[in-house]
Ligand code: ASP
């Protein structure tokens, strides 16, 4: 039996969807299509939330998180706080395919990336170095280089609302009916060194299970980790709740946690069901998402369904 293939993602995935669609339309696997789409976003120098030219942490080091999950068997690979490699999604996929592990972080992840032949490079560009310096110096007392106290004191000040957001997520169903999800991010700009967000945390930022659906989320990872957001969505789908209601319920359930971050809390999700229905939900005032399926010459943009969090400032 042949299923209708479809790929969908966050708005910034647009640049990668045609490559994913090319793979799906010739019968390739969802997990390969998701990787192909995300690699192009990781290469995109104009996108400061993912891969090369992503915003760095407090010390000016770019630390990347990513994960990919295959709904056919619930195999997953993830990396956290990876430095020096622009394609964390491919390192994550290699973790899934080649290691008896799910998640590698830091120096161990970088060592593995090197061993599988990935090219290492400086991911900070002149532009992101300048924005980092301006962002840090604009919000923190004095030059960070001269600051000798504990970095932990700076994390709240450094949570620059202009730069907190951004990540790419992509979900797909292939012609075999297999689902996959992938997420890649440079995380919360000016984060504490070693901070890992929700993207590589299975069940928080990503999940895929052919029996029910697949999803990835973007937004303040500190919230989705505490709520186990994407696994919560999948459990609601498994219980028979329709996709849009399941997404609304799962995000709404995070409200008590979101209220602890009234200025910066935001959550967005792109999800697909085993039937191939796709939807995106957001707590922002307006957010686009993109998809491609049979008959589309180019990615189709649509607006995400709003979910309200009373008491939390609605950002863009
Ligand atoms: N979820 C990402 C993180 O917390 C950031 C984002 O999507 O805006 O690292």
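The values are calculated or read from the model by the stated rules, or taken from the named source; none is laboratory data. In this text the structure is predicted, and so the values were computed from the model without any measurement. Every residue, glycine as well, gets a Cβ built from its backbone with ideal geometry; the counts of neighbours run over all protein chains shown.
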Residue count, the stretch 149-169 (criterion: modelled with pLDDT of 65 or more and either in contact with a helix residue (DSSP H, G or I) (Cβ under 9 Å, 6 or more places away or on another chain) or away from the ligand (no atom under 12 Å from the Cβ) (or both)): 12
Single match in 106, 60 (criterion: touching a residue at least 40 places away in the same chain (Cβ under 8 Å), in contact with a strand residue (DSSP E or B) (Cβ under 6 Å, 6 or more places away or on another chain) and surrounded by fewer than 24 Cβ atoms within 10 Å (Cβ to Cβ)): 106
Residues being in contact with a strand residue (DSSP E or B) (Cβ under 7 Å, 6 or more places away or on another chain) and either under 18 Å from residue 95 (Cβ atoms) or at pLDDT below 95 (or both) - total across the stretch 33-49: 5
Residues of the stretch 258-285 satisfying the condition of being modelled with pLDDT of 95 or more, in a loop (DSSP other than H, G, I, E, B), farther than 28 Å from residue 3 by Cα and more than 18 Å from the chain's Cα centre (by Cα): 259, 260
Meets criteria (touching a helix residue (DSSP H, G or I) at 6+ places or on another chain (Cβ under 7 Å) and either modelled with pLDDT under 95 or surrounded by fewer than 21 Cβ atoms within 10 Å (Cβ to Cβ) (or both)) for residue 288: yes
Of all residues in the stretch 205-223 being more than 20 Å from residue 288 (Cα to Cα) and within 9 Å of the ligand (Cβ to nearest atom), the one that is surrounded by the fewest Cβ atoms within 10 Å (Cβ to Cβ): 222
Qualifying residue in the stretch 15-24 (condition: within 16 Å of the ligand (Cβ to nearest atom), under 22 Å from residue 72 (Cβ atoms) and either at pLDDT below 95 or in contact with a strand residue (DSSP E or B) (Cβ under 8 Å, 6 or more places away or on another chain) (or both)): no
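I'd like the full set of residues that are assigned to a loop (DSSP other than H, G, I, E, B), over 15 Å from residue 58 (Cβ atoms) and within 14 Å of the ligand (Cβ to nearest atom), limited to the stretch 170-202.
198, 199, 200, 201
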